[in-house]
Structures are given as structure tokens and as C-alpha cells.
1. Rounded if a/c is under 1.5, else prolate if a/b is larger than b/c, else oblate: which is the stretch 126-234, with a ≥ b ≥ c the root eigenvalues of its Cα gyration tensor?
2. Compute, for the chain, the length of the dipole vector about the Cα centre, with Cβ point charges of +1 (Lys, Arg) and -1 (Asp, Glu) only. Units Debye, rounded to 20.
3. Per-residue HN-Hα couplings for the stretch 333-342, Karplus 6.51 cos²θ - 1.76 cosθ + 1.60 at θ = phi - 60°, whole Hz, x for Gly and Pro?
4. Only bridges with both residues in the chain count here: give the DSSP antiparallel percent, nearest 5.
5. Tell me, how many Å apart are the Cα centres for the stretch 320-364 and for the stretch 176-250?
6. Taking Cα atoms, how many degrees apart are the long axis of helix 301-325 and the longest axis of the chain, rounded to 10 and kept between 0 and 90?
7. Can you tell me how much longer the chain between Ala126 and Ala283 gets when fully stretched, taken as 0.36 nm per residue apart minus their C-alpha distance, in nm with one decimal?
8. Report which label in [x] 49; [y] 35; [z] 59 holds the value of percent of Cα pairs over 33 Å apart derived from the coordinates of this structure.
Amino acid sequence: MGDFNLTVIVDAIRRSSGGMSRVELAQIVGLSPQTISNISRRLLDQHLIIEAGKEGSGPGKPRTILRLNPAGMYALGVHLDPAVTTVVVLDLVGAVVQHSRIATPGGSDPAAVIATIAAEIAAVVAASGVDQSLIAGLGLATPGPIDLDNGTVVDPPLLPGWDRVELRNALSAATGYSVLVDKDVTSAAVAETWAGGPSGSGSFIFMYMGTGIGCGIVLNDEVVRGTSGNAGEIGHIMVDPDGPPCDCGQRGCVKSSCIPQVLVAEAQAAGILDGPPAGSSGAEIQQQFSRLCSLAAEGNEKASAIIDKSAVLVARAVSVVANTLDIERVVFGGPFWSGLSERYLELLPPLLDASSAARLIHPIDVVGTGVGEDVGAIGAASLVLEHTLAPRAQRLLLEN
């Protein structure tokens, strides 16, 4: 119970942009002033918070403001994408201290990729100048599906030869850090809660626009992972009954109608893109998709029609999830988001409003991520901070 109360206070301080006094904490979290004082002293002794001056107006003693200490704890994050691998060092307030991006090694040898990632992690930590004793651990964001309990990647798309790779144990052995593994879409949602500002609070879904499309789920400020850690797999929501066949046996699923590989293939069939087939590597798909978005932005009518149609189809999938979960916000991000952002942010709000079951009660906001392009890696590092410091209902369960 003491640990849970500590995390509640840390979370309240973290979510306040200007910091909070002990009196304000007592009012907000419902603990006694003495309990707040005791926990605050413990956090100060652990260097997780700092006293950041005094504030006050009118009669009475000025109140001491408590804020998180950015240098009190650090976390490492790695986003393993079929095209690019990103490594970050994150401080306690979610700011990137050091950053690196390398091409993901090709081939089908996971051991070689893990060795490359481990070497890059060591180089990034050294460049950051951070005391390794202050690094709480390493988070890894990877394409799903995953076996969360065992830290295993189970046959991810565009990573041939990666069936049931025990990434958590392998990366821990290679780096010496404790490792947490989670899906990239869930990691992105965690990043939004830790570093996204106002867009990362309450109940929302994070629509991850990557090689595939998935969503991370946050309800009442708590990340939802599901039974096996694979919540948010929306690839088989049907969005176009007359669309192309999907490998699940249906037609017009998100996976067969909306993902970048499909849009690139449509552009090639329309004669507006050249290059290798759309089933090529992740890096080639990313390059061609970027070109498609650029053509649309330049006013190419065929390219614009492809992007606009994808927005309509994605909106149908989002509306299913939004109505099911009764969320207040949809946050878009991921490595393929920047090229879509302008058009999607224009088209999706009215489409979602029209299909919202609760539109007469509350609106659904549609925003881009407040974290930035490296949301996957930042989310991976945030996994460590969340695991260590975020209040979770499980902390209240007592061991027999």
C-alpha cells in the first residue's frame, strides 16, 4: 500500500506542469498531510523529486513546490522497426537525453540484429554521459504479436525468421540491463501518457500508423494490454465490404485495405509510383509511401484520392473502437504518420463525429502525437518508467 501511495504522488506531480505543493497533493490524492509529508521526504531522499522554490499569495506561509527531478532516474528505449531501429535515453520527465537511429540489419538472423542493437545501446549510453547506476532498465518496442509473459516476439510482419525469438532474455544477456518488451502500439500509448502532455491523459486510443496499423489503449489513465499483451490488434476490422480479400477470409479489412503497403500498390497500379513491388522490404515501402504522400501534398489528384480514401476507411475502424471503449480522444502517430497528418486531421474529425454513439454527450478529439517521430523508442523507455513509478491497480493486491 505504501508503494502504491508513493506512485500516486509521483504521478500527480508528474501530471502537473508547474509542480505541486504538499497541501495541493493532500487535497488531490486524498491522503493525510502527514502521509504526504512522509512520502515526500522519501522521494526527496531518493532524488526522484526536488523542492523548486516557494509560491503563495495573500496571508499564510508560502508553499514549497515539488517537481520531478529529471536527473533522478533514466531509462533506455529501443524501437525495433523492420526499416529503422531507434535508441533513446530518457530522463524522468520524459525528455530525450540522447538519441540514435540506424538501419535495421537485413537478413533473417535475429542474433545478428540483437548484437547490433546491443552495441548501439552501449554507444548511446556512453555518449549521454549518464551514470549507469541511475538507469532503471531497458524497454523494447517491437511489432506484434508478442508473448508478453515470456518477452517473445511471435512471427512479426516483415521480419522473416523472427518466429518465437526470446528478445527479452537475449537483449538482457547482451546488455546487462533488465528488459521489458511490449508491442510498438502499446509502447506508443505509454509514451503519450508520460511525455505527450494534455493529449496523454484520460481515456484515449493511440492510432499507430506504421508498417501495419494498430492501436494502443488507455482508459482512465491506465494502459490496457489485454490477456496476452496483444490488445489493439485492429487489422481484421472490416472497413470496406467490397474491398480486397484478406488472409483471414474476409474482404476489406484494415490489413488488406489501409496499410501503407496496400496504398503503395494502389499507387503503382495507377501509374503514379515506380519502383519494386509493394511487398518489398520495410525500408522500400517507407520510401515509396513517403513519395506517395508528397505527390498528394503537391496536388496530384490520383495520389490525393488514395490518401483520402484511406482516411475514410481508417475512420471506420477508429469509430468501431471509439464507440466500443467510449474514449474522449484519438491520438495519431508512428513512423508513417507525418505524411498523412494534414489530410487526416482535416477529414477524420467530422467522420468520427458522425458515427459517434456519444456525440450528444461528449466530443471525440482527434490530434497528432505530442511526443514526436520517435514515439516508439520514447514509449519503450517510458515502459520502464511506467513499470517503476506509475500507479497500477495490481500494486494494491496483497501477496498471500
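Any read-out appearing in this document is the output of simple, stated calculations on the displayed coordinates, not a laboratory observation. Remember, predicted model here, so these are calculated numbers, not experimental data. Because the Cβ atoms are built from the backbone with ideal geometry, glycine has one as well, and the counts that use them run over all protein chains shown.
1. oblate
2. 1040
3. Values per residue, Gly and Pro as x: x, x, x, 9, 6, 4, x, 9, 4, 4 Hz.
4. Restricted to the chain, the bridges split so that about 65 percent are antiparallel.
5. Centre-to-centre (Cα) distance: 14 Å.
6. Here the helix axis deviates by roughly 50 degrees.
7. This chain segment gains 53.7 nm when fully extended.
8. [y]
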